[in-house]
Amino acid sequence: MRSFDDDPIAELRGVDLNLLVVFAVLFEEGSVTRTAARLHMSQAAVSASLARLRKLFGDQLFVRAPGGVAPTAKAKNLESVVRSGLDRVHAAVVGERTFDPARDAAVFRLAMSDDLEALLLPPLIGHLTRTSPRSSAFCIH
């Protein structure tokens, strides 16, 4: 039998996974007010969740910025992992469904050189805007 210390799933028992939902929405919205509205929570509850997230990750995660909050470097690094995990949990709970570009939103992260970005990104964004208006794409270098 595995001990608690050797079992990464059991380690999560003490973590409120709803905090990750707050993290993901706050990252997207960049505003405690909009996050609260989207999640049907009070602003105080979102702020309390953020305080718990800060303690959990040992980082500020979001700092005040004009018009809301901005993610720290650590939050930026965590975002794709948190989003991927939430997407997988959602698929397990709700079930897999086929991506419908006209209906669904997606974020496409593309890795390419500056030269290729200048050449390929404009037509790609144009096509994406026409076929999947709720989706977005950006390049990482």
task: May I ask you to say which residue of LEU120, LEU128, LEU110 is hydrophobic (A, V, I, L, M, F, W, C), out of contact with any Ser or Thr (no Cβ under 8 Å at 6 or more places or on another chain) and part of a helix (DSSP H, G or I)?
output: LEU120
Residue check, SER84 assigned by TED's automatic domain parsing to the domain that holds SER31, closer than 20 Å to VAL25 by Cβ, under 19 Å from the mean Cα position of the chain (by Cα) and not hydrophobic (A, V, I, L, M, F, W, C): yes
field: Cross-chain or 6+ apart pairs with Cβ under 6 Å, segment 26-52 first and at negative phi, then outside any helix (DSSP H, G or I) and not polar (S, T, N, Q)
entry: PHE27/PRO71; SER31/GLY68
query: Looking at segment 68-104, which of its residues are outside any helix (DSSP H, G or I), closer than 19 Å to VAL22 by Cβ and not β-branched (Val, Ile, Thr)?
result: GLY68, ALA70, PRO71
message: Name the single residue that is nearest to VAL15 (Cα to Cα) among those in segment 34-58 being among the hydroxyl-bearing types (Ser, Thr, Tyr) and assigned to a helix (DSSP H, G or I).
response: SER49
field: Positions within segment 72-124 being of a type in the set (A, V, I, L, M) and touching a helix residue (DSSP H, G or I) at 6+ places or on another chain (Cβ under 6 Å), in sequence order
entry: VAL82, LEU86
message: Pull out all pairs, ordered by first then second residue, where Cβ-Cβ is under 6 Å, the residues are six or more apart or on different chains, the first lies in segment 74-103 and is surrounded by 12 or more Cβ atoms within 10 Å (Cβ to Cβ), and the second is hydroxyl-bearing (Ser, Thr, Tyr) and in a loop (DSSP other than H, G, I, E, B).
response: PRO101/SER132
field: Residues of segment 74-126 satisfying the condition of being of a type in the set (Gly, Ala, Ser) and over 17 Å from PHE138 (Cβ atoms)
entry: GLY85, ALA91, ALA92, GLY95, ALA102
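The values are calculated or read from the model by the stated rules, or taken from the named source; none is laboratory data. Predicted model only: the values in this text are computed from it and were never measured. All Cβ positions, glycine included, derive from the backbone under ideal geometry; neighbour counts span all protein chains shown.
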